[in-house]
Amino acid sequence: MKVCSYQSVFKRIVSQRKDFKVEEKLDNGIVKKQISFTYPIEDGKICCEDIIEYDDEYYRVKEAPENERSGTIVAIQDTDSLSGHPIQNLRGTGMTILQYANIALQNTGWVYKNVSANTVDIRNITEDNTNSMKMLEKIAEVFWVEIEFRTKEKRVLFYNRVGGRIKIPRFIKGFNLKSLDVKTDTYDFYTRIIPYGKDRLTIESVNDGKNYLNNMKYTSTVRTAIWEDTNYTDAVQLKNMAEKKLGELAKPKITYTAQIFDVASISEEYADFAFGIGDEADIIEPDMEIMARERIVRIARYPDNPEKNTVEFSNRNISFSDMQKKLLAASDSISNVTNGKVVISSKVDGLQGTVQVAASEAVQAAVNSAAPNFLSSGRAPSADKWQTARYLEGVGVDGTVNRHHYVTCSTSGGTKAKAASLAGFALLTGARVVVLFSNANTASNPTLNISSTGAKPIYYRNSAIPANYIQAGTVLELVYSGSYWRVIGDLAQYQADELKTENSTLKAEHDALAVRITPVVLYSSTLSASALNTWVYASIPSLKDWKEVRMWLEVGDADCRYNTLTREHTQICVSGYANANYNGMVRASCDFTNTRIGLMVRSMAGWNFSNIRIIRVEGLVKV
């Protein structure tokens, strides 16, 4: 850990530290990190605004209290070059997230990388007297994305959703979950929702004349939330989304705080148990009858004392008020979207007059252009055909026939080159098609050729769509980027199939874990050794019926606890250390095949052999 002054001049290495903690949290779409520790003053003071380099990140000290002997620092990720870079006036119209990112990071020395955010959606953003950091926060708000910073690289990462490992990490009591605290509240809790769409669209026409939905699964008390999103113009879609949101709001907010044992950091054998901020994780605590899957929203790591590590999970990523704020911000930014223009000025004096003059000139030009098409009475004559055909998202339109973007692709699943036909189609950047795939795709790196305009790769999340992601009957909305077809949104069906498989596995595990609530006693005598490095055994015939047990092992009075053994992990090594005069190391085994348990004392000081013993074995999971 290296310390530099705010001028980047090296000061010293931190060689002594206490209570060192690294924290991460997901806060309204922004991943925030900070470090803190205590150090001896005699090693040299660390001051506010000093820069600390740790784990390929730069942290800027923001708090530095001290006393006669020690000092304490709190340092956050160094993004001062973003928060200190002013943007006086921004007028963005019809622009994508990447266009706004270019503006936010211009002349800051920072760059961005899009990991999984939607780059097709466009928004309007208007900001006065802001800065680059606030603009990034605004981007996260109106585009509904999540942002992470790499301060040493000066890189901003955009995600649709931070985290999301393919292998869901698990926290299991008795293995990598030491303790679990559960906090439940209903402060942000609603049982009724009244949804409004564009132009105050309601759901009465599709909801038996009612403009509201109820969810009384938890309580019969009526608490009403009003939700408005002008993106919705269809009552059925509005109702469906309102049901989903109410399903989340109509249950208590649950926050889990867990003390954990980070096994993945100790051995590659437990790589499947690795986790990070934003990941969804399974929480399995049989004693509390808890089996849940929630998102990790906060992590506190103690690199010098990993046994103190904690993880916080939540079933609610955002409060209703914050959710409504985001929805309204996104809605406002969508309204009146036009054509990707931006005005950044350092001055607004006289702007109104300039705009009025420009608008007046534009209106006059439009009137002059349209004048030949008006009758003397002032009425506009009807027209069956546009004078010049135009392409709307890749489909030619001249007003004479109805056009659409929907096609069916019947190419066989094993054929890489997919093809379909769409009337009036032209392969232009921004062209959009909605494709029904009749057959499941099993080919690698598939391409799509619409109306013989050229075979272009199909991309999903910045890479070629994998085989088997497109199932039979899947409908995908695709947009042409200029080089390849990009999938809009997420591949819900494939993910649903994966989740179904995962849920089946979890159900089987849940059924197996049910017996953990009332363990079965298999052995309640005493097994102890009489010599060093010599195995002693006790027979337990019923072991043949079990695949997981827990064993109460005592190493003097230094380590007395249950240890879990399975048919895959049949042996453990335990050290008990009270002090230099009283300590010992033992190995214990559970031989399921030969139905016996074993104990061997490797070393011992101070205690007698009778102080090191197995006194109880309980069955947890049956074969």
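The values are calculated or read from the model by the stated rules, or taken from the named source; none is laboratory data. This is a predicted model, so every value here is computed, not measured. With ideal geometry, Cβ positions are generated from the backbone for all residues, glycine too; neighbour counts draw on all protein chains shown.
Worth a mention:
- Residue, modelled with the lowest pLDDT, within the range 459-511, restricted to residues that are farther than 30 Å from Pro286 by Cα and assigned to a helix (DSSP H, G or I): Gln493
- Criterion applied to Tyr58, Tyr39 was being modelled with pLDDT of 95 or more and over 26 Å from Glu146 (Cβ atoms), and the one residue passing it is Tyr39.
- Looking across the range 37-59, the residues that are buried (at least 20 other Cβ atoms within 10 Å of the Cβ) and either over 35 Å from the mean Cα position of the chain (by Cα) or within 16 Å of Lys18 (Cα to Cα) (or both) come down to Phe37, Tyr39, Ile46, Ile52.
- Meets criteria (of a type in the set (Phe, Trp, Tyr) and assigned by TED's automatic domain parsing to the domain that holds Lys152) for Tyr112: yes
- Meets criteria (surrounded by fewer than 19 Cβ atoms within 10 Å (Cβ to Cβ) and either touching a residue at least 60 places away in the same chain (Cβ under 8 Å) or outside the structural domain of Gln7 (by TED's automatic domain parsing) (or both)) for Asp78: no
- Residues that are among the acidic types (Asp, Glu) and surrounded by fewer than 13 Cβ atoms within 10 Å (Cβ to Cβ), drawn from the range 529-576: Asp557, Glu568
- Among the numbered conditions (1) within 23 Å of Ser314 (Cβ to Cβ); (2) over 26 Å from the mean Cα position of the chain (by Cα); (3) surrounded by 17 or more Cβ atoms within 10 Å (Cβ to Cβ), the only one that Thr255 does not meet is (2).
- Residue within the range 110-125 that is among the basic types (Lys, Arg), in contact (Cβ under 8 Å) with a residue 24 or more places away in the chain and out of contact with any Leu (no Cβ under 9 Å at 6 or more places or on another chain) present: yes
- Pairs with Cβ under 9 Å, 6+ apart, first in the range 230-252 and in the same structural domain as Ser220 (by TED's automatic domain parsing) and at pLDDT below 80, second of a type in the set (D, E, K, R) and in a helix (DSSP H, G or I): Thr230/Lys198; Thr230/Asp199; Thr230/Asp332; Asn231/Lys198; Tyr232/Lys198; Thr233/Lys198; Thr233/Asp199
- Scanning the range 246-265 for residues that are of a type outside the set (A, V, I, L, M), out of contact with any Leu (no Cβ under 8 Å at 6 or more places or on another chain) and in a loop (DSSP other than H, G, I, E, B) yields Lys251, Pro252, Asp262.
- Elements of type strands (runs of 3 or more DSSP E) in the range 1-80, at least 1 residues being under 24 Å from Met133 (Cβ atoms) and charged (D, E, K, R): 18-27, 30-40, 51-54, 57-63
- Summed over the range 268-290, the residues that are buried (at least 17 other Cβ atoms within 10 Å of the Cβ), among the hydrophobic types (A, V, I, L, M, F, W, C) and part of a strand (DSSP E or B) give a count of 3.
- The number of residues in the range 20-63 being of a type in the set (Asp, Glu), more than 22 Å from Gly163 (Cα to Cα) and out of contact with any helix residue (DSSP H, G or I) (no Cβ under 9 Å at 6 or more places or on another chain) comes to 5.
- Selection status of Asp208, on the phi > 0 side of the Ramachandran plot and at pLDDT 90 or above: yes
- Qualifying residue in the range 203-215 (condition: assigned to a loop (DSSP other than H, G, I, E, B), of a type in the set (Gly, Ala, Ser) and either assigned by TED's automatic domain parsing to the domain that holds Val297 or closer than 21 Å to Phe189 by Cα (or both)): no
- Enumeration of residues in the range 158-176 that are among the hydrophobic types (A, V, I, L, M, F, W, C) and surrounded by fewer than 19 Cβ atoms within 10 Å (Cβ to Cβ): Ile166, Ile168, Ile172, Phe175
- Here Val236 meets the list (1) of a type in the set (Val, Ile, Thr); (2) outside any loop (DSSP other than H, G, I, E, B); (3) touching a strand residue (DSSP E or B) at 6+ places or on another chain (Cβ under 9 Å) almost entirely, failing just condition (3).
- Residue match in the range 89-102 (condition: on the phi > 0 side of the Ramachandran plot and either at pLDDT below 95 or assigned to a strand (DSSP E or B) (or both)): yes
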